[in-house]
Amino acid sequence: NNRIAAMSMVYEKLGSSGDLSKICLREFTEDLILFLLGRYNIDPDSISLSLEINSIELTIDYGIPCGLILTEILTNSIKHAFTDIQNASISVKSFRDDKDIVIHVSDNGKGFSENFDPFDDNNFGLMIMKNIATMQLQGTLDYVNSDGVTWLIRFCDNIYRKRI
């Protein structure tokens, strides 16, 4: 299961970093994408990957929920977005915006059909993503369905939350 693998990857990153309290979002995301592409037997060179991930470190309290959301988004992109893998593109951007961490994950796939609601009760994985974003990260999760799908994740990490 990809979700279990994502949690394992967070723990691996914590153990290998020398700092058991933080995970580097960039390294985790790169490893996660390569793992998922391998899981679906897709050559990493066949998809155009763009990673613009600032140097952001997350504590385990934020690393695991964030990792689960990224796993779900990237898995859905890899499995469902593309009818032609040769022109496939996935982009992940992350940065700090004031006190928030913002992550954008985009693909240039076929997007959602017009009547599709990703947060419908029948879409278990996507519904869980929304709940994790709001309940565990105390943030937001939204999407734009245009020229593929772009997911927008925003949350305030605990470094700033403690000061508020």
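The values are calculated or read from the model by the stated rules, or taken from the named source; none is laboratory data. Because the structure is a prediction, the values reported are computed rather than measured. Backbone-built Cβ (ideal geometry, glycine too); neighbour counts: all protein chains shown. Ligands, DNA and RNA are stripped out before the accessible areas are found, and what is left, the full protein with its side chains, is counted by its heavy atoms. Shrake-Rupley method; radii C 1.70, N 1.55, O 1.52, S 1.80 Å.
All other residues whose Cβ lies under 15 angstrom from that of residue 112 are scored, Lys and Arg at +1 and Asp and Glu at -1, for a net of -4. Length, then width, then depth: along the principal axes, the Cα atoms of region 47-164 run 47, 32, 21 Å. Once the 1.4 Å probe is applied to the protein heavy atoms, region 74-157 comes out at 53 Å² accessible per residue. Note on region 92-137: dipole from Cβ charges, positive end direction compared against 122, 134, 112; the farthest Cα belongs to 134. Note on residue 54/residue 131: beta-carbon distance plugged into 1/(1 + (r/R0)^6) with R0 of 35 Å gives a FRET efficiency of 0.85.
So, R0 is 22 Å and r is the distance between the beta-carbons of residue 31 and residue 98; what FRET efficiency does that work out to, to 0.05? Walk me through the numbers on the way to the answer.
Values: r = 28 Å, r/R0 = 1.28.
Given R0 = 22 Å and the Cβ-Cβ separation, E is 0.20.
Here the label points at residue 85 and residue 42, each 7 Å from Cα along the C-beta direction, are separated by 0.8 nm in the simple model.
Ranking 59, 71, 83 from most to least accessible surface, computed with a 1.4 Å probe over the protein chains only, gives 83, 59, 71. Across the accessible surface of region 19-112, with the other protein chains kept in place and a 1.4 Å probe, carbon and sulfur atoms take up 44 percent. When nucleic acids and ligands are ignored and a 1.4 Å probe is applied, residue 98 ends up with an accessible area of around 130 Å². Tell me whether region 51-99 comes out rounded, prolate or oblate; compute the Cα gyration tensor, take square roots of the eigenvalues as a ≥ b ≥ c, and use a/c under 1.5 as the rounded threshold. Oblate shape, in that a/c is at least 1.5 and b/c is the bigger or equal ratio.
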